[in-house]
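Every number in this text was worked out from the coordinates using simple rules, so none of it is lab data. Given the structure is predicted, the values throughout are model-derived calculations rather than measurements. Using ideal geometry, Cβ is built from the backbone for each residue, glycine included, and neighbour counts are taken over all protein chains shown.
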Amino acid sequence: MARRGLHRLIRHRGPRRKAVVLGVLGTTVVLGLAATVVPLLAADDLSIPVVADTTATMVSQDGDNSVKATLATCPARCDGNSRGAREAILQFSVTSLPANAVDVRAVLRVHAWQAFEATVTAHASRLDARAARPAPVPVGAALDAVDGVGRGFNEWDVSGLVSGNGVWTVSLAQSGLATRIYWASAENRNPELRPRLVISYGVGVRPTTASPSVAPGPSVAPTGTPVPPSASPSVSPSVSPTPVPPSPTVTPPGAGSGQCGAVSDKLVPSCGAWWGMYSPTNPATWDHGRAITDIEAQVGRAFDIVHRYHDFSNTGSNGAFPDVYQQQQMREGRLMFFAWETRVFSSGAVLTWKDVYGGGHDATIDAVAGRIRAVGQPVFLGFDHEPEDEPAKGSDADFVRAWRYVHDRFAAAGVRNAVWVWTVMGWSGHYDRYAGLYPGDRYVDWVAWDPYNFHVCNGGTVWRSPSATVGSFYRWLDEQGIGAGKPRMLAEFGTNFDSADPTAKRRWFEEFPAALKAHPKIKAAIYFNSPGMTRTTSACNMTMNHDAAALAGFAAAGRDGYLRQPTGGSR
């Protein structure tokens, strides 16, 4: 079965897969009163590096493939050679799964530098991945396939092979394209590009007679880039913004005052949290205003924050922001969150961070800075959200340098009203990278991540409560001290429904305010209401209004006092 691990569906020049790794159940209330069911508690995902790899081939000049920085795949007739077939062989040693691990899922991630119209299938393999040049043998059982190789990390679900601890060997076999595809190997000098096996699981525990407790689990691994507001430039006009009277009372409350209704100069509410929305625009109208007001009419309240994605084109509503719709939304009392992406949505072009800090886009940066300065009130601004999943744009150090460059250029232009939001996935598979991706306290005002309860949308079976969905990365930030003292935001969040329980999604929304109260550093939560989040099927729909029950639950959450700020849109 071909696998497309898409987080969000984006129009690129070629097909591209990004990691969607199964999260596991994390919130379990243990009553222990004659209980007979063994509940599940969350366990963090394991990210396991490849221990050995090689390319199997009959071509004599290939040499010692076990020490090369690349692996290769090719079908039986490769580059005109009828004996030129190649298979990539990868071996992993799994040692840290607990004996009571359940619902184990293993995803193989291997990096390619180019996109190809080829099918590559993962098989169980009997070959020795340490051999210099093993000859291909009949492949084992097929585990998963990608039907179009994407630039960046491609992934295969190999759960059918990896059943627990042990040494597991996988071969990648290619068809549909009679020329070689090269993949990053264990010897690649960039450790971020080396193959990995990502394992998620739950653990069984015995019920106790202790009082009910909550054990939030790990963060889901949403990866990918968001669906832009449009795949082509918007037809709406680009105009210079006029100063917008500030709607929230931007007054830093006195230390320890406990005063509610005040907002700091960095848009931190003194009590509770902002309630926000990203809603895609109908391409038939390109009315970015109705994209929000139609949802507000259903929910029965205005949103505090409107979230939209913008590109580096500096034209139309995609790039020349804030546009007329956003100016109107600000006049009506909403806060703006501009998620600024180093792409051009209409062409699919991806810009590099090196080009940004090298001065190649100064005119665009300066134009956006000028328009934001002219707004005259604080706005949220994010630069390249989820940078850990953008290998085509450069290294982690390149991202930090580009972020600081844009930030400093805004400061030099006299922009004092941009509130900088650093947004990452919050996936445990990237925990080792986040310190290197953090631009520094001087350059960041809010720390944000994108948690989701995907449930079956990514092939899993585990339903994750709101606390489990948001809790793992929240705790990790506390432990690591990254962005200590900064307010936190769910820049995107969402949940699927449960086809076996028609009221589960409604209850999930109704429970969401309590999850925020249990994680009080989260001062804003923005729902990502796009059917392009994942592939929408009879068992997968991440929108909050896909049925009446879900909408009722979401509306109930929006009525909770914790999300009813006396300032901004919720008045």
Where a label projected 7 Å from the Cα of A518 along Cα→Cβ would reach, residues of the stretch 465-487 with amide N under 14 Å: 465-475
³J(HN,Hα) across the stretch 382-394 via Karplus (A = 6.51, B = -1.76, C = 1.60, θ = phi - 60°), whole Hz, x for Gly/Pro? x, 10, 6, 5, 6, x, 5, 10, 10, x, 5, 8, x
Once the in-chain neighbours fewer than 8 apart are removed, the lysines whose Cα is under 17 Å from K523 read K266, K486
Between T461 and S499, what is the spin-label point distance in nm, taking each point 7 Å from the Cα along the Cα→C-beta axis? 1.5
Sorted by packing (mean other beta-carbon atoms within 10 Å per residue), highest first, where do 57-63, 505-511 land? 505-511, 57-63
Contour minus end-to-end for E479 and C271, with contour as 0.36 nm per residue of separation and end-to-end as the Cα-Cα distance? 72.5 nm
Classify the stretch 40-204 from the C-alpha gyration tensor, please: rounded if a/c falls under 1.5, else prolate or oblate depending on whether a/b exceeds b/c. prolate
E332 paired with A141, simple spin-label distance in nm, labels 7 Å along Cα-to-beta-carbon: 5.5
Please work out how much length the chain gains when fully extended from D128 to A435, using 0.36 nm per residue of separation minus the C-alpha to C-alpha distance, in nm with one decimal. 106.9 nm
Per the rule of 0.36 nm per residue minus the C-alpha distance, extending A549 to Q377 adds in nm 58.2 nm
Which of S347, A397, A524 sits closest to the plus end of the dipole of the stretch 274-570, meaning its Cα is farthest towards the positive end, when Lys and Arg get +1 and Asp and Glu get -1 on the C-beta? A524
Suppose R0 equals 30 Å. What FRET efficiency, 1/(1 + (r/R0)^6) with r the Cβ-Cβ distance, do A178 and A397 give to the nearest 0.05? 0.20
Mind ordering 341-347, 410-416, 271-277, 123-129 by average Cβ neighbours within 10 Å, highest first? 271-277, 341-347, 123-129, 410-416
Starting at the first residue of the stretch 155-171, write each ³J(HN,Hα) from the Karplus equation 6.51 cos²θ - 1.76 cosθ + 1.60 with θ = phi - 60°, in whole Hz, x for Gly and Pro. 9, 10, 7, 10, 4, x, 9, 7, 9, x, 5, x, 9, 10, 10, 10, 10
In whole Hz, what ³J(HN,Hα) sequence does the stretch 48-65 give by Karplus (6.51, -1.76, 1.60; θ = phi - 60°), x for Gly and Pro? 10, x, 5, 9, 7, 7, 7, 10, 7, 7, 9, 7, 5, 6, 5, x, 7, 6
